[in-house]
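J.: Just passing along the structure, written as structure tokens.
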């Protein structure tokens, strides 16, 4: 396995997580099984992103991703390919990491936040082992998408480019993100 010892991290709008508080092992991989990963700590957060980039990178309505300290996720020796995209919002690079054999998007890394790595929730052996705790970029959500009740929903990003936290909306009942 590549990678280092789990560490703690603080992102805007989050609490600091300490790996010794919870003992959790999350494993997963790509569709063909050539790329495997393991995280020995819980993610900082798991959210559904509805931005146009995430819709394109997944080929579906949104991208469910878990954020980890970069060194908290170890990979086997399976090769990952990388695609580089410049974010419309920050003008910083977003790196899509995918299996060159089956094309599965395993995760993302970010020029803006080099200390973190996103892992695709759908790649976990048990995707339900991590709970989606917020939805971001809901202003870009596709028709037919339902935003759940009692979950933080952000019209755009969770934080502005200067790091200032944005205000979340919570719905009492599930609501359609967009009508017709």
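J.: With an 8 Å Cα cut-off and a minimum separation of 6 or more residues, compute the relative contact order for the stretch 84-128 in percent.
T.: Taking the mean separation of contacting Cα pairs over the length of the stretch 84-128, I get 25 percent.
J.: If you don't mind, another one. If I stretch the segment between residue 83 and residue 173 completely, what's the gain in nm (0.36 nm per residue apart, minus their alpha carbon distance), one decimal? It would help to have the intermediate numbers written out before the result.
T.: Numbers: separation 90, 0.36 × 90 = 32.40 nm, distance 3.82 nm.
Additional length available on full extension: 28.6 nm.
J.: Separate question: Between the stretch 151-180 and the stretch 72-129, how far is it from one alpha carbon centroid to the other, in angstrom?
T.: 23 Å
J.: By how many nm would the segment from residue 143 to residue 160 lengthen if fully extended, with 0.36 nm per residue of separation less the alpha-carbon distance? Walk me through the numbers before you get to the answer.
T.: Numbers: separation 17, 0.36 × 17 = 6.12 nm, distance 2.56 nm.
Length gained between residue 143 and residue 160: 3.6 nm.
J.: Can I ask one more? If I compute Rg/Rh (Cα atoms, Kirkwood Rh) from the structure I just sent, which labelled value in (i) 0.95; (ii) 1.03; (iii) 1.21 lines up?
T.: (i)
J.: Could I ask something else about it? Using alpha-carbon pairs under 8 Å, 6+ residues apart, how would you state the relative contact order of the chain in percent? Don't jump to the answer; show the numbers that get you there.
T.: Numbers: 417 pairs, mean separation 38.1, N = 180.
The normalised contact order for the chain reaches 21 percent.
The numbers here are math on the coordinates, done by the rules we state, and not lab data. These numbers come from a predicted model, not from an experiment.
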